[in-house]
Structures are given as structure tokens and as C-alpha cells.
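The values are calculated or read from the model by the stated rules, or taken from the named source; none is laboratory data. Treat the numbers as computed from the prediction; the structure is a model and nothing was measured. In this analysis, Cβ positions are derived from the backbone assuming ideal geometry, glycine residues included, and neighbour counts consider all displayed protein chains.
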Amino acid sequence: MGEVLVLVEQSDGGVKKVTTELLTLARSLGEASAVWVGPGYSDAAAATLAEFGAGTVYVAGDAAYADHPVAPKAEVLAQLVAEKAPIAVLVASTADGKESAGRLAVKTNSGVITDAVAVSPDLIATQSVFGGSTVVHSKVTAGTPIISVRPNSIAPVAAPGAAARVDVAVDLSDAAKKATVTGRTVAAKGGRPDLAEASIVVSGGRGVGGPEGFGVIEALADSLKAAVGASRAATDAGWYPHQFQVGQTGKTVSPQLYIANGISGAIQHRAGMQTSKTIIVVNKDPEAPIFELADFGVVGDLFTVVFQLTEEIGKRAH
Amino acid sequence: MKIAVCVKQVPDTWAEKTLQASDSTLDRDAADGVMNELDEYAVEEALQLAEAQGGEVTVVTMGPERAAETVRKALSMGADNGIHLVDASLHGSDALATSYALAETLKGRGFDLVIFGSESTDARMSVVPAMVAERLGLPQLTFAQKVEVVGDRVTIQRVSEAGYDTVEASLPALVSVVEKVNEPRYPSFKGIMAAKKKPVETLSIADAGLDAAKLGLSAAWSSVEDFAARPPKAAGTVVTDAGDGGAKIADYLSEHKFI
Ligand SMILES: Cc1cc2nc3c(=O)[nH]c(=O)nc-3n(C[C@H](O)[C@H](O)[C@H](O)COP(=O)(O)OP(=O)(O)OC[C@H]3O[C@@H](n4cnc5c(N)ncnc54)[C@H](O)[C@@H]3O)c2cc1C
Ligand SMILES: Nc1ncnc2c1ncn2[C@@H]1O[C@H](COP(=O)(O)O)[C@@H](O)[C@H]1O
């Protein structure tokens with residue numbers, strides 16, 4: 001069986017959930033190997049990679065790799081592709097993942113497919129395009145297939161692997177070092193799950209009325225252990241931080257459950273949430289286009305409806 | 001400062017998009033073409049930088065004849081001149097081919113800064129800027145919510161999962177912007193009139209020195225096996241709140257095992 005490289009998405013020295021999804025997928029295609037780029041490879045990371053079946057973990061642990069955006073990941077992957085001749089490379093559909101994939105494709109003269117939601121054992125990728133209206137099956141026809149996969153598309157399944165560590169060192173090219181990260185600003189995220197990865201997302205839009213209104217949205221989110229999202233109208237108004245924006249120019253989310261409150265359903269918002277498995281809508285305007293997507297919707301004032309819903313969830317949890 | 005800004009013509013966001021049965025490419029004639037929304041922000045950023053520092057803005061597009069409208073729009077916003085790469089053999093080019101064509105067209109023209117939108121609304125790949133940076137060996141400063149040029153240094157705020165990263169490089173450099181970066185202007189009447197007289201270089205692939213074997217549908221590094229319209233989602237249940245709306249959602253959530 002051929003090797004499938006999975007580029008690890010990390011957060012605070014740990015492994016993100018999407019990587020466990022990619023490892024699960026990789027095992028259905030061949031032998032799963034993880035690729036860690038940057039400093040801070042930890043026992044916790046190793047344990048997660050082992051739990052989800054990584055046979056090998058290539059660790060490119062030089063601190064310098066974290067000083068430059070994207071390019072080092074592509075260079076590490078390119079060297080591994082040349083040495084190991086994997087049957088495919090999987091990355092997460094995040095900004096870093098897709099850009100690494102793009103640069104790797106240029107370096108290795110390989111085809112790249114982005115935003116796959118499934119990949120079959122013969123490496124045919126399924127994509128959901130045009131806001132979910134069309135399903136496309138496509139295939140890389142040259143070089144090593146490089147595929148970016150949307151978070152939350154594959155249910156992670158544990159299966160023990162050796163996670164044998166193999167250190168790799170790649171001399172970065174001068175070009176890769178031209179852009180330098182000189183600071184990282186982390187907006188407070190509180191204890192909530194990561195928006196792109198959360199299995200439940202509760203979102204608020206202009207209908208929430210102001211920054212205080214988001215208290216109601218957060219309370220509902222916390223009752224469901226969900227992430228909070230926002231429409232652009234809400235982030236532009238400064239009611240909620242920008243990094244929580246869902247949509248074409250914000251995050252694309254595909255959770256099991258998406259609850260849209262006071263959001264009209266502009267096409268740019270839909271582009272970021274339309275593939276959610278179940279969609280619930282609360283909006284006082286029965287004509288709001290977001291109702292077209294609703295599995296269940298309530299026409300009403302979000303303040304009363306969401307408040308009651310949060311209370312009910314509290315009661316039923318006991 | 002010489003600034004290039006890459007813009008793409010895309011089908012109007014609201015238009016229904018379909019793939020053509022003949023070759024699985026986007027049916028671009030079915031809908032009105034507009035400038036990719038995010039590229040308006042790229043044009044605006046280029047204009048603001050040129051206005052603040054002095055400089056020239058060149059708008060660059062690859063696309064069919066009618067993409068000339070999109071070049072014109074950028075010129076009427078205030079760009080100085082345009083380059084339009086148009087050739088029948090470009091039809092069906094994927095991201096790799098597009099990045100090759102754009103990189104070759106940009107090369108050797110002495111641009112200090114090349115600005116992109118961060119995503120096209122039709123392809124939605126967000127890879128063309130990174131690919132062009134790779135091909136040209138330019139520092140990649142993508143997903144910028146803020147761009148600052150001081151002397152020969154450019155600094156951006158790169159939107160990250162957690163907040164933003166500050167990324168710096170020397171010129172020449174490549175930047176892509178997100179919509180938080182500015183508020184694009186509307187073309188003024190004067191701008192629209194002035195645009196008619198601004199020079200646009202129309203290049204065929206031969207003019208641009210491109211290798212036809214690396215372009216178009218036949219050269220694509222990936223192929224569509226098949227596609228189908230997703231069956232429309234069954235209409236959901238919508239109820240009007242009669243004082244029990246929240247409880248009804250809770251019922252739905254327990255029925256479907258979310259709580
Ligand atoms: C280039 C570009 C990129 C964009 N990217 C994004 C993006 O990534 N994400 C995004 O979301 N948007 C994006 N937009 C903006 C998008 O077009 C819409 O303007 C935006 O999504 C509207 O947000 P909204 O639904 O919260 O506000 P509105 O459209 O104003 O809708 C508010 C809704 O709240 C309802 N409401 C009001 N009060 C209450 C109440 N008390 N109870 C219940 N319901 C109530 C109203 O009936 C209405 O339907 C983009 C636009 C452009 C041009
Ligand atoms: N055909 C094209 N002509 C000019 N610029 C393009 C073209 N295709 C993509 N771009 C640029 O690349 C960006 C990202 O596009 P994409 O990778 O397709 O999502 C766009 O916002 C444009 O700035």
C-alpha cells in the first residue's frame with residue numbers, strides 16, 4: 001500500500017480535530033503518515049497522531065519554519081514527495097492548508113483539488129460547488145494528487161498507529177524566507193470550540209441588534225457546547241470580532257448543526273454555511289431567504305425564542 | 001511605485017451557476033460578468049497606495065473578450081492602464097495554468113507590488129496568489145486585512161484562525177487582500193469618461209510568450225469525472241412563534257439527538 005501524507009494542523013502544540021479526520025481518510029486510501037512542520041512537537045501531539053493511525057510522523061521541527069508563512073510547509077512537503085513518492089497528499093481546507101497545497105502543486109508539477117468533502121479509494125474527490133447546488137467528482141491527472149479536504153467532512157475514527165517519529169531537515173530556499181512573521185495577535189477566544197471545526201455553530205446577524213445582543217447568542221452556544229459565528233453585518237458593525245465571521249470572506253463551516261439567528265441569508269453568508277448538515281433558523285421576517293435552507297425554522301423575535309430555547313436546553317439536560 | 005492588480009471577471013454572484021455538459025467548464029455566457037467582488041478591494045488598495053506614495057497602477061486580467069469590461073471598470077475606478085490576456089486556448093485553464101499565465105505576464109515588467117483578491121467567487125480556490133508567488137519567487141503576503149508600505153518594506157496583517165499575524169517583506173512583493181482591508185470606491189462619471197482613453201495592452205498567448213501546451217482544458221492537471229445538481233433540499237418545517245418557538249426548536253433538537 002502506498003503512503004498518504006497528511007499535513008498536520010496544529011494549535012498550541014496539539015493536533016486539531018481536522019487532522020484526525022484527514023488521518024481517518026488517509027487510512028482508507030493507503031498508509032497514513034503525518035507531517036509536522038514547525039517547533040513544539042509534543043507528546044500530546046504524538047499521542048493523538050498515534051490514536052488516529054499515523055504509522056510515521058515526519059517532524060520538521062526547526063523553529064525557523066514557523067517564522068515564514070506557508071512557503072516552508074510547501075518545501076518540507078515537496079522534499080517528502082520527492083523522497084517517499086506518496087500516492088497522495090492531504091491538507092485541511094484552511095488558508096494555510098490550501099496555500100501550501102497550491103505551492104506544492106507548482107513545485108511538484110502536480111494537480112490540486114481544493115475543498116473536497118470525500119475521497120474514494122481510487123482517489124476521486126467529491127466537491128460541493130456553487131454554494132452546494134452542484135456535486136462534482138474530479139481527479140488529479142498529473143503528478144501526485146494533492147487534495148484539500150473541508151473540516152467536518154469525515155467522521156474521525158480511532159485506529160492505533162505506531163506514530164514512529166522520523167526527523168526531517170529541509171534547507172529553506174531564500175525565496176521562502178523573504179516574508180517573515182514578526183508578530184502574532186491572538187484575539188481572546190474563550191473556552192469555545194474552534195469555529196471551523198465545531199460540530200455545532202450558533203450564529204448571530206444584524207438582528208441581534210448590538211454587541212450586548214451577542215450575550216444571548218453566546219448563552220445558547222454554551223448550552224450546546226457550540227462555537228459562535230456572526231454575519232458580516234455583525235462583524236462590520238463591531239458587535240463581534242472579525243475572526244468569527246462566517247461566509248464567503250469569513251470562515252467556511254460545515255457543522256452537524258448550524259443555528260442562524262437574525263441573519264437574512266445573503267448569498268455571501270450562505271457560501272460559508274450552506275453545507276451544514278442541519279440548519280435551524282430564527283428570524284422575524286418570514287420572507288428572509290435563509291428560511292429556504294432551514295430544516296426547521298421559527299418566525300419570531302430572536303430575543304424571546306433564543307432565550308426560551310436556551311432555558312429549555314438547560315432544563316432537558318438535567 | 002509600480003503596482004499591478006490582478007482582477008478576474010466572474011459570473012454575477014446572484015446568478016445561477018451551471019457547468020456545461022460539453023466540457024464541464026463553467027457556463028460563463030449564461031450570466032452577466034462582473035468584477036470578482038474581492039478584486040474591487042484589491043484595486044482600491046492599489047489606488048490608495050499609489051495615491052499616498054505616488055505611483056502607477058496596472059490592472060491585469062486573463063479571460064475572454066468580454067473580460068475587457070472588467071479591465072475598463074478598474075480603469076474607471078482610477079487605474080492607469082491595463083493588460084488583457086485573451087486567447088481561445090486559455091479556455092478551461094485551471095489554477096495551475098492561470099498562475100503560470102499570470103506569472104509570465106507579470107514577469108520582467110518591474111512591478112514593485114502585485115495585489116490580488118484572496119478568492120474568486122466562482123473558483124473559490126484561494127490558491128492563485130500563492131502559486132504566482134511560488135512561480136515568481138516573490139514574498140507571499142496573502143489574506144491581508146491591512147497593508148502598509150514604508151520605503152521598500154511592506155507589512156500586512158494576515159488574517160489567521162486565531163486573530164492575525166503581522167508579516168513583513170521587502171519589495172517587490174505579492175499581496176492578496178480580504179474585504180476588511182478598505183471600502184472600494186464607485187467609479188465617478190469623470191472616471192468612466194477618462195477610462196475610455198486609457199491604454200489597454202491586449203495580449204495573445206504568443207504575444208505573452210506562453211507555451212500553449214501548459215494552458216487550457218487539455219493541459220489541466222485535474223479533470224472533472226462527472227457532476228450533478230444536488231437534489232434540492234426537501235423543504236423544512238417553518239412555524240410562527242406563538243410563545244413556544246424556543247420549546248419547539250428544543251423538541252426538534254431532542255428528536256434529532258442534538259440534546
Ligand atoms: C465582497 C463581499 C463579501 C461578503 N462576505 C460576507 C461574509 O463572509 N459573510 C457574511 O455574512 N456576509 C458577507 N457579505 C455581506 C452580505 O452581503 C450581507 O450584507 C450580510 O450577510 C448581511 O448580514 P445579516 O444577515 O446579519 O444582516 P441583514 O441582511 O440586515 O439581515 C438581518 C436579519 O435579521 C432579522 N431580524 C432583525 N431583528 C430581528 C429580531 N429581533 N429577531 C429575529 N430576527 C430579526 C431581519 O428580519 C433580517 O432578515 C459580503 C458582502 C460582500 C460585498
Ligand atoms: N483569470 C484571472 N485573471 C486575473 N486574476 C485572476 C484570475 N484568476 C484568479 N485571479 C486572481 O487570483 C485571486 C484568487 O483567485 P482563486 O485562487 O481562483 O480563488 C483572485 O481574487 C484574482 O485576484
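One residue stands out in segment B:100-143 among those that are among the aromatic types (Phe, Trp, Tyr) and away from ligand 1 (no atom under 16 Å from the Cβ): the one that is surrounded by the fewest Cβ atoms within 10 Å (Cβ to Cβ), namely B:Tyr100.
Every test in (1) modelled with pLDDT under 95; (2) over 20 Å from A:Ile147 (Cα atoms) is passed by B:Glu119 save one, and that test is (2).
Sort out which residues of segment B:234-247 are within 7 Å of chain A (Cβ to nearest Cβ) and touching a helix residue (DSSP H, G or I) at 6+ places or on another chain (Cβ under 9 Å), and write them in order of number.
Selection gives B:Gly236, B:Thr237, B:Val238, B:Val239, B:Asp241, B:Gly245, B:Gly246, B:Ala247.
Can you confirm whether B:Ala74 is within 16 Å of ligand 1 (Cβ to nearest atom), within 12 Å of the chain's Cα centre (by Cα) and in contact (Cβ under 8 Å) with a residue 24 or more places away in the chain? Here the answer is no, as B:Ala74 does not meet what is asked.
The test for being under 27 Å from B:Thr70 (Cα atoms), more than 7 Å from chain A (Cβ to nearest Cβ), out of contact with any Gly (no Cβ under 6 Å at 6 or more places or on another chain) and of a type outside the set (A, V, I, L, M) holds for B:Lys197.
Take B:Ser160 and tell me if it is within 11 Å of chain A (Cβ to nearest Cβ) and either of a type in the set (A, V, I, L, M, F, W, C) or within 15 Å of ligand 2 (Cβ to nearest atom) (or both). Talk me through it step by step, then tell me what you get.
Working: within 11 Å of chain A (Cβ to nearest Cβ): yes; either of a type in the set (A, V, I, L, M, F, W, C) or within 15 Å of ligand 2 (Cβ to nearest atom) (or both): no.
Against the criterion (within 11 Å of chain A (Cβ to nearest Cβ) and either of a type in the set (A, V, I, L, M, F, W, C) or within 15 Å of ligand 2 (Cβ to nearest atom) (or both)), B:Ser160 does not qualify.
The set of residues in segment A:179-204 that are in contact with a Leu (Cβ under 7 Å, 6 or more places away or on another chain) and at the interface with another protein chain (Cβ under 9 Å from one of its Cβ atoms) comprises A:Ala179, A:Ile200.
Within segment A:162-170, does at least one residue satisfy the condition of being over 21 Å from the mean Cα position of the chain (by Cα) and within 7 Å of chain B (Cβ to nearest Cβ)? Looking for residues that are over 21 Å from the mean Cα position of the chain (by Cα) and within 7 Å of chain B (Cβ to nearest Cβ), one finds none in segment A:162-170, hence no. For segment B:121-159, a residue qualifies if it is within 16 Å of A:Thr180 (Cβ to Cβ), touching a helix residue (DSSP H, G or I) at 6+ places or on another chain (Cβ under 8 Å) and in a loop (DSSP other than H, G, I, E, B), and the qualifying residues are B:Gly137, B:Leu138, B:Pro139. Checking each residue in segment B:87-114 for being farther than 12 Å from B:Leu210 by Cβ, away from ligand 2 (no atom under 13 Å from the Cβ) and in a loop (DSSP other than H, G, I, E, B) picks out B:Gly108, B:Arg109, B:Gly110, B:Phe111, B:Asp112.
Of the residues A:Ser223, A:Ser199, which is of a type outside the set (A, V, I, L, M, F, W, C), touching a Ser or Thr at 6+ places or on another chain (Cβ under 6 Å) and either away from ligand 2 (no atom under 16 Å from the Cβ) or more than 23 Å from A:Thr94 (Cα to Cα) (or both)?
Numbers: A:Ser199 fails: touching a Ser or Thr at 6+ places or on another chain (Cβ under 6 Å).
One residue alone meets the criteria, A:Ser223.
Residue-by-condition table, conditions (1) of a type in the set (Asp, Glu); (2) in contact (Cβ under 8 Å) with a residue 24 or more places away in the chain; (3) surrounded by fewer than 23 Cβ atoms within 10 Å (Cβ to Cβ):
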residue	(1), (2), (3)
A:Ala92	no, yes, no
A:Asp96	yes, yes, yes
A:Glu99	yes, yes, no
A:Leu104	no, yes, no
A:Thr108	no, yes, yes
A:Val112	no, yes, no
A:Val119	no, yes, no
A:Ile124	no, no, yes
A:Ser133	no, no, yes
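Got at least one residue in segment A:151-159 being at negative phi, more than 9 Å from chain B (Cβ to nearest Cβ) and part of a helix (DSSP H, G or I)? Break it down stepwise before answering.
Of all residues in segment A:151-159, those at negative phi come to A:151, A:153-159.
Imposing the further condition that a residue be more than 9 Å from chain B (Cβ to nearest Cβ) reduces the set to A:151, A:153-159.
Still in the list and also part of a helix (DSSP H, G or I): none.
No, segment A:151-159 contains no residue that is at negative phi, more than 9 Å from chain B (Cβ to nearest Cβ) and part of a helix (DSSP H, G or I).
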